[in-house]
Amino acid sequence: MTTVVYVPRDSGALALGAESVALAIAREAEARRKPLTIVRNGSRGLYWLEPLVEIATSAGRIAYGPVTAADVPGLFDAGFLEGGAHALRLGPTEEIPYLKTQQRLTFARVGIVDPTSLADYVAHGGFRGLERALALAPAEIVQAVTDSGLRGRGGAAFPTGIKWKTVLDQPADRKYVTCNADEGDSGTFSDRMLMEGDPFTLIEGMTIAGLGVGAAQGYIYLRAEYPHAHRILDEAIAEAYRAGYLGPSVRGSGKRFDLEVRLGAGAYICGEETSMLESLEGRRGEVRVRPPLPAVKGLFGKPTVVNNVISLASVPVILERGAAFYRDFGTGRSRGTLPIQLAGNIKRGGLVERAFGLTLRELLYDYGGGSASGRPLRAVQVGGPLGAYVPASQFDTPFDYEALAAIGAMLGHGGIVAFDDTVDMAGMARYAMEFCAHESCGKCTPCRIGSTRGVEIVERIMEGVDREANLALLEELCETMLHGSLCALGGMTPYPVQSAVKHFPEDFRRSRGQLAAGHLEGERR
Amino acid sequence: MQALAAHQREAVLRVLRQLKSRPGPLLEVLHGVQRDLGYIPPPAVPLIAEELNLSRAEVHGVISFYHHFRSVPPGRHIVQICRAESCQAMGAERLAEHAVRRLGIDFEQTTADGAVSLHRVYCLGQCACSPAIMIDEEVFGRVTPERFDELVAEHAGPLRGAAAGPLRGAAAGPLRGAAAGPQRGAAAGPLGGAAAGPPGGAAEGSQRGAAGGNGASK
């Protein structure tokens, strides 16, 4: 029997050299006449260990990492194909504490299966949710999702089942299911990992959504920055068509569901749902005024489900195991599990899927291991570029929707970006305004003009020009943007700015000399 | 505006034939044209507008809205450096300054030999291995300034003299000015033939480059 070796094709692993590792293993195996099969899986999400190579042994999968191409001959010498001892040997993959303590429901197969093998997907429990959904009435499918307590994982946290019910209840000749895969928030990569590591779960979730609301067409709106995910999704969709899971009669049910990927074009604003719909229709991604909601009048004017990748990919397990199973995870009104992403200046960056309820501290230190630089963590930004900065004094806050809202932060798409004590928070506040100015769609004035004025005001504060008056003006500008913007971009850019001013006032009141010294300190890292 | 070269016109029509009957096809068409030609030549706008029954303003409006679409030929290799928060937390700003110094150009510009275009990007989804860059369609994580030099040399060939030039100083200066036109035009040769470097396109390029921060494209 030939040995099976897993070398991820996840773009994060590729970014760290997985391709050359796979080539080196193939070359070495040939030279040594050791027959083996290399499976290009997704990533387990333990990025400080990537490229993480796994060997299938009789005792389960054994991990080695981080592996470079130069390590490969030594690994063969050590008998790694039989799980032999080596400095890079991490033991059974499932026993690595970072992974072992997780509760992977949505990510159950990511890193385990061959992403584009439909047979592998089915062998690991794939399409069981769809088979169950095919035996249910549409209203029953929607009810199961409602009962699960699933809330939109893209950031807005709206109950998914309620949204689906609105679409189901609309009389219309056509309806759509759209997946928002425009994962533009810095510090987030769970959508990417899922699409690259287990695309059939997303396909299954969207098909179930189509059956639930009566839609026959689905679109995945994917950001152009994700070419690897694009290729893998296209391969998986083609496979699903071949096997009759997509097309005119899903699994012979007589119900049609077609699915395709549409590419974005580098506009952060298109992650906003109405802007995404405009873009899908081939127009400038300008935000629409609501109402009407997309669930009533969405893509091409028809009732449309707009859900994030993770929301849709959580649906198969809910249908397969039941709403109560999913609902039993979590706390308060935050039900189920959340794929959390640890990013930025963090020692063990990666993906942690757990039931809601862990504190930031547990995530940052127990999982993350503290900063990558070895310096104290000073702040984290939670929920992407529109999320608040949280100071170390608030790290005991539980990571759920309500607890974060209570301290003026938001969970967003579940990303946490860590900063050590060399960060200049005034600079981060300026960046938040710059980013808003760069990405504003231009439709509403508070966002379009306010962000540019915001950059100027923060710069004046940093330069020490009329500081107190400019801080007051900044506060007023933030309030205007917060209340007067059409969508979350202008409406939430104040969060990082105001939280930086509130929690790190000293960074906005430094003299120029102190600023220069701080900069030098940062340079020494 | 110069006319489209014959092969460009053919490419645009081929893309339109494939995609025009799809719902909401404009972005798909623009992606197709840029994939085949490397950019969207301005004289293609009226052709696309007519075929899709849109106004020229609508087509131009979409091209200019999205950072991804280019109206000028890019360098032979596109280097994108992530400037978002996670990468900033791991030294992306120093990496960006290094890249500018090393390549002798600013962001949203192309080197004089046409080898490399440098772009900013906001998140490549590699936030657990910051700072990240992308060269053409390959991503790289935990990129130090030294690693940056190796990667660029590997993909785009050895870097030329600009390295010694001061940051945004004299070395970068001439590129922004009038000299950028013919250089870009000449560099674009292999991509679009003689017609690829129309003076209009080049002028637009230098304007976009000079706009720096806010008007910059990814």
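Throughout, read-outs are computed from the coordinates displayed, never taken from laboratory work. What you are looking at is a predicted structure, and each value in this text was computed from that prediction instead of being measured. Here the Cβ positions follow ideal geometry from the backbone for every residue, glycine too, while neighbour counts run over all protein chains shown.
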**Request:** Hey, can you grab everything whose amide H is under 5 Å from the amide H of residue B:109? Only 5+ residues off in sequence or another chain; H modelled, so Pro and N-termini drop out.
**Result:** B:118
**Request:** Calculate how many DSSP beta bridges within the protein assembly as shown are antiparallel, expressed in % of all such bridges and rounded to the nearest 5.
**Result:** 55 percent
**Message:** What distance in nm lies between label points placed 7 Å from Cα along the C-beta direction at residue A:85 and residue B:136?
**Reply:** 4.5 nm
**Prompt:** Which whole-number percent gives the relative contact order of the range B:6-65, counting Cα pairs below 8 Å spaced six or more residues apart?
**Reply:** 30 percent
**Request:** Starting with the fewest neighbours, write out A:164, A:48 ranked by other beta-carbon atoms found within 10 Å of each beta-carbon.
**Result:** A:48, A:164
**Prompt:** With each label point set 7 Å from Cα along the Cα-Cβ vector, what nm distance links residue B:149 and residue A:502?
**Reply:** 4.6 nm
**Asked** What residues have an amide H closer than 5 Å to that of residue A:308, excluding those fewer than 5 places away on the same chain, when H is modeled at 1.01 Å from N in the peptide plane?
**Response** A:153, A:154, A:180
**Asked** Just counting partner chain Cβ atoms within 10 Å, what average do the residues of peptide A:258-265 show around their Cβ?
**Response** 4
**Request:** Quantify how strongly other chains surround peptide A:192-199 by giving the mean number of their Cβ atoms within 10 Å of each of its Cβ atoms.
**Result:** 1
**Request:** For the range A:3-100, count the residues as N, evaluate 2.2 N^0.38 Å, and divide the Cα radius of gyration by that value, please.
**Result:** 0.95
**Asked** Among B:120-128, A:151-159, how do they line up from the highest to the lowest mean number of other beta-carbon atoms within 10 Å?
**Response** B:120-128, A:151-159
**Per-residue HN-Hα couplings for the range A:308-313 [Karplus 6.51, -1.76, 1.60; θ = phi - 60°; Hz; x = Gly/Pro]** = 6, 3, 5, 4, 5, 6
**Prompt:** Taking N as the number of residues in the range A:118-326, what value does Rg over Cα atoms divided by 2.2 N^0.38 Å take?
**Reply:** 0.93
**Request:** Based on the mean of other Cβ atoms within 10 Å per residue, sort peptides A:270-282, A:358-370 so the most packed one is first.
**Result:** A:270-282, A:358-370
**Message:** Restricting to Cα pairs below 8 Å that are 6+ residues apart, what does the relative contact order work out to for the range A:3-100? Please round to a whole percent.
**Reply:** 30 percent
**Asked** How large is ³J(HN,Hα) for each residue in the range B:26-37, as worked out from phi by the Karplus curve 6.51 cos²θ - 1.76 cosθ + 1.60 (θ = phi - 60°), to whole Hz, x for Gly and Pro?
**Response** 4, 5, 4, 4, 5, 4, x, 5, 5, 5, 7, 10
**Fill in**
In whole µm²/s, the translational diffusion coefficient that Stokes-Einstein assigns to the range A:259-341, given a Kirkwood hydrodynamic radius over C-alpha pairs, 20 °C and 1.002 mPa s, equals 144 µm²/s
**Prompt:** If you wrap a convex hull around the C-alpha atoms of the protein assembly as shown and split its volume per residue, what is the figure in Å³?
**Reply:** 161 Å³
**Fill in**
Under the Karplus relation with 6.51, -1.76 and 1.60 and θ = phi - 60°, whole-Hz ³J(HN,Hα) for the range B:6-15, x at Gly and Pro, equal 4, 5, 5, 4, 4, 4, 5, 5, 5, 4
**Prompt:** Using modelled amide H (1.01 Å from N, peptide plane; none on Pro or chain starts), what sits under 5 Å from the amide H of residue A:282, excluding residues fewer than 5 places away?
**Reply:** B:27
**Number of partner chain Cβ atoms within 10 Å, mean per residue of B:129-137** = 4
**Message:** If you average the C-alpha positions of the range A:239-289 and of the range A:352-430 separately, how far apart do those two centres end up, in angstrom?
**Reply:** 32 Å
